[in-house]
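Have a look at the structure below, then the notes.
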Amino acid sequence: ARGEIRALRSQALTAPSDAGELRILELAPNGAPVRKGDVVIAFDATSLRQRLDEKRSDLRASRAEISRAEAEGRLDLEALTTGRVTAEFDVERARLDVKAGELQSRFDEQKARLLLSDKEQKLTETDTVLASGRAATKATVGGLTGKLERAEAEVGRTSRGLEALV
């Protein structure tokens, strides 16, 4: 009998494209029947494991950087909040001085009113600085969160590539 023998089912296997230089460690013989779970081909995963370790390290560094930025932001906001409370206190004190100046000379009253105006301006400036500090902290953490998400994606992609080597 003459004819051609073909496999009933076959599947093309490809190595991950981002695995770098590949070295075959195991290879099933050509035409050998395989069952689910049998190793058909196994590539050396040393370089990909090393890359995965680097990506995980980058991921930990990104998390630490976010924590550091959040802590610094909290410290800065606490300092600015303290400055605002001090400015509020100064405004109230200047208001009391204005009332006391009304009982004294006209010169003292004008001087107290100018001081009150100055303190109110400083309070407004403190509010502006506090708002910009909050926005800056939010922007910094937002940027670092994007970096964290990219690092998580890289770890996932590298892990999937490592699994695809067998």
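The values are calculated or read from the model by the stated rules, or taken from the named source; none is laboratory data. Because the structure is predicted, anything quoted here is derived from the model rather than measured. Note: ideal-geometry Cβ built from the backbone for every residue, glycine included; neighbour counts use all protein chains shown. With ligands, DNA and RNA removed, areas are computed over all heavy atoms of the protein, side chains included. Shrake-Rupley method; radii C 1.70, N 1.55, O 1.52, S 1.80 Å.
Numbers for the structure displayed
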{"quantity": "Projected-area average for the range 1-114 over all orientations - Cα convex hull basis, square nanometres", "calculated": "15.8 nm²"}
{"quantity": "Nonlocal amide H pairs with LEU25, under 5 Å, H built at 1.01 Å", "calculated": "ALA42, PHE43, ASP44"}
{"quantity": "Nearest 10 degrees, 0 to 90: helix 106-163 Cα axis against the chain principal axis", "calculated": "0 degrees"}
{"quantity": "Inter-label distance for THR82 and VAL39, nm, one decimal - labels placed 7 Å from Cα along Cα-to-Cβ", "calculated": "6.2 nm"}
{"quantity": "Estimated dipole of the range 19-166 in Debye, rounded to 20 [Cβ of Lys and Arg +1, of Asp and Glu -1, Cα centre]", "calculated": "400 debye"}
{"quantity": "Degrees, to the nearest 10: 46-103 long Cα axis against longest axis of the chain", "calculated": "10 degrees"}
{"quantity": "Cα extents of the range 40-166 along the three principal axes, largest first (Å)", "calculated": "100, 14, 13"}
{"quantity": "Nearby lysines by direct alpha-carbon distance to LYS99 (threshold 25 angstrom, same-chain neighbours under 8 apart not counted)", "calculated": "LYS111, LYS119, LYS122"}
{"quantity": "Pairwise label distance in nanometres, GLU92 with ALA131, each label 7 Å out on the Cα-Cβ vector", "calculated": "2.3 nm"}
{"quantity": "Kirkwood Rh in Å, taken over the range 112-161 so that all alpha-carbon pairs contribute", "calculated": "14.1 Å"}
{"quantity": "Accessible area (Å², per residue) of the range 78-166, counting only protein heavy atoms and a probe of 1.4 Å", "calculated": "68 Å²"}
{"quantity": "Carbon/sulfur fraction of accessible area - the chain, other protein chains in place, 1.4 Å, %", "calculated": "52 percent"}
